[in-house]
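First the structure, in the form of structure tokens, and then the observations on it.
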Amino acid sequence: MPNHQPQVMQQSRLFLLLYTLAWAGGTIAYVPLLTVLLPARIAGIAGDEAVAWLASISFVGAIAASLGNIGFGWLSDRMGSRRMVAAAGLALSSVLLIAIGRAETLPVLLIVITGWQLSLNMMLSPLAAWAGDTVPDAQKGQLGGLLSIAPAIGAAAGIVVTLPGLFAGEHRLSILVLMIAAFVLPLLVWGRPKPFPALTEAPAPNALSAERSLGPRRAVTGMWLARLLIQITEAALFSYLLLWLRSLSDAFSENAVAWVYSVVLMIGIPLAMVAGRWADKRNKPIQPLAVCAACVAVGLAVMGVAPNVTMALVGYLVFGVAGAVFLALHSAQTLRVLPQPTTRGRDLGIFNLTNTLPALIMPGLTLALVPVFGFAGLFFLLCALAAMAGTVLFALARAG
């Protein structure tokens with residue numbers, strides 16, 4: 001008798017490519033602004049009050065992003081059209097991104113940033129859920145590896161717009177808008193994924209397919225907690241990287257910081273792709289995440305004890321590469337633990353709190369620790385949090 005092997009679901013490479021480019025467009029929308037352009041602008045306006053200004057803006061923006069991601073994820077669930085909601089978010093966030101460059105006072109900047117965060121998540125939340133609707137579990141690791149390209153492209157965009165003499169300050173945000181559209185629109189216009197009804201149909205009551213879930217509620221909680229802890233460490237360096245490096249050496253320009261950030265992310269791309277493929281082939285999606293969390297802790301420890309700029313950059317290299325690989329793979333593997341396809345957008349919004357809550361936590365921690373203990377004290381605390389994340393994930397990996 002013929003041996004009928006079940007066909008493994010595979011999404012088309014073209015759709016994966018278009019999706020990867022669109023996700024990269026999402027990072028272009030916020031990475032250059034939040035890591036370089038906004039801190040530099042605030043430093044120029046606020047002077048010695050720059051840290052306090054940045055903390056206030058980060059706090060308000062994080063609240064808006066949290067609400068927007070959950071709300072627009074829910075809306076895309078109800079509408080049944082990720083594409084339309086994402087397109088509206090692209091249009092609105094582009095207009096408000098340009099408006100940020102025209103705001104010159106803290107109240108106005110807070111209002112514009114709030115609107116921009118809401119509209120940005122109107123684009124990002126449906127895009128995240130769309131991956132869950134279209135990419136089978138057997139390609140989740142591959143997807144995670146591809147997603148690691150996005151932060152590097154976002155950082156590269158920061159390098160381009162900050163090149164000395166290339167773009168005047170008032171034109172930088174307009175250039176970013178054009179970049180975002182060039183990366184996101186191809187998916188919205190031409191993205192035609194293969195349909196996989198099994199990925200979008202609600203499972204039978206009280207029954208979850210082993211192929212669709214990593215395990216019980218403990219897996220969901222563990223994945224959520226581990227990402228929250230790692231994202232707290234990432235948030236500290238995301239907004240304060242420029243200020244930290246300048247505290248070590250005044251020689252660090254905006255462009256130099258953008259280069260450091262970009263190089264770290266580029267190194268992470270091949271590592272994420274290899275780790276993602278390994279996780280798919282071995283069906284061990286948690287182990288690479290656990291190893292990355294441990295490496296994040298090591299990098300932060302080195303940063304905390306670094307006696308000079310060179311050692312500090314080595315520590316940041318370990319921290320940044322491991323963190324980039326972790327976040328890319330985790331974003332894809334999170335789709336495994338969500339049991340209800342019909343509420344995927346909303347549930348991913350709740351998972352997205354692990355990205356936004358750290359922005360609420362970090363300003364207070366930074367203002368409390370850095371003036372007293374310096375950045376070293378902050379890094380030791382973050383090292384402990386990353387070690388906790390690794391412990392949680394190693395336990396999940398052993399539980400299988």
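The values are calculated or read from the model by the stated rules, or taken from the named source; none is laboratory data. Bear in mind that the values here come from a model prediction, so they are computed numbers and not experimental data. Using ideal geometry, Cβ is built from the backbone for each residue, glycine included, and neighbour counts are taken over all protein chains shown. Remember, those area values only see protein heavy atoms, side chains included, never the ligands or the DNA or RNA. Shrake-Rupley method; radii C 1.70, N 1.55, O 1.52, S 1.80 Å.
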* Computed over the chain: relative contact order in percent, which uses C-alpha pairs under 8 Å that are six or more apart -> 28
* **Convex hull of Cα atoms in the chain, direction-averaged projection (nm²)** => 19.7
* Asked: Which residue fluctuates the most in the chain, going by a Gaussian network model with Cα springs under 10 Å, if the choices are G349, G80, G191?
  -> G80
* To do: Go ahead and estimate [θ] at 222 nm for the chain from helices alone: -39,500 (n - 2.57) per DSSP H run with n ≥ 4, summed, over the residue count, rounded to 500.
  => -27500 deg cm²/dmol
* Under a 1.4 Å probe, what is the accessible area of region 5-133 per residue, stated in Å²? -> 41
* Structure fact -> the chain: longest segment with zero exposed GluC sites (Glu not before Pro), where exposed means DSSP loop plus at most 10 other C-beta atoms within 10 Å, is residues 202-400
* Considering only protein heavy atoms and a 1.4 Å probe, what is the carbon-and-sulfur percentage of the accessible area of the chain? -> 68
* Taking N as the number of residues in region 296-400, what value does Rg over Cα atoms divided by 2.2 N^0.38 Å take? -> 1.26
* Asked: Which helices pass in the chain if a helix is a full DSSP H run, must span at least 18 angstrom along its long axis by Cα, and must have mean Kyte-Doolittle hydropathy not below 1.6?
  -> 82-100, 149-162, 172-190, 287-305, 353-399
* **Exposure ranking of T221, T27 by accessible area [1.4 Å probe, largest first]** => T221, T27
* Average accessible surface area per residue within region 244-400, 1.4 Å rolling probe, Å² -> 41
* **Descending Cα extents along the principal axes, region 73-199, whole Å** => 50, 30, 23
* Mind checking which of S94, S81, S331 has the largest fluctuation in a GNM of the chain, springs on alpha carbons under 10 Å? -> S81
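Across every pair of different alpha-carbon atoms, what Kirkwood hydrodynamic radius in Å does region 351-400 reach?
12.5
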* Structure fact -> The rounded separation in angstrom of the Cα centers of region 324-377 and region 85-139 is 17
* Go ahead and set up a Gaussian network model of the chain, Cα springs under 10 Å, then flag whichever of A157, A46, A324 fluctuates most. => A46
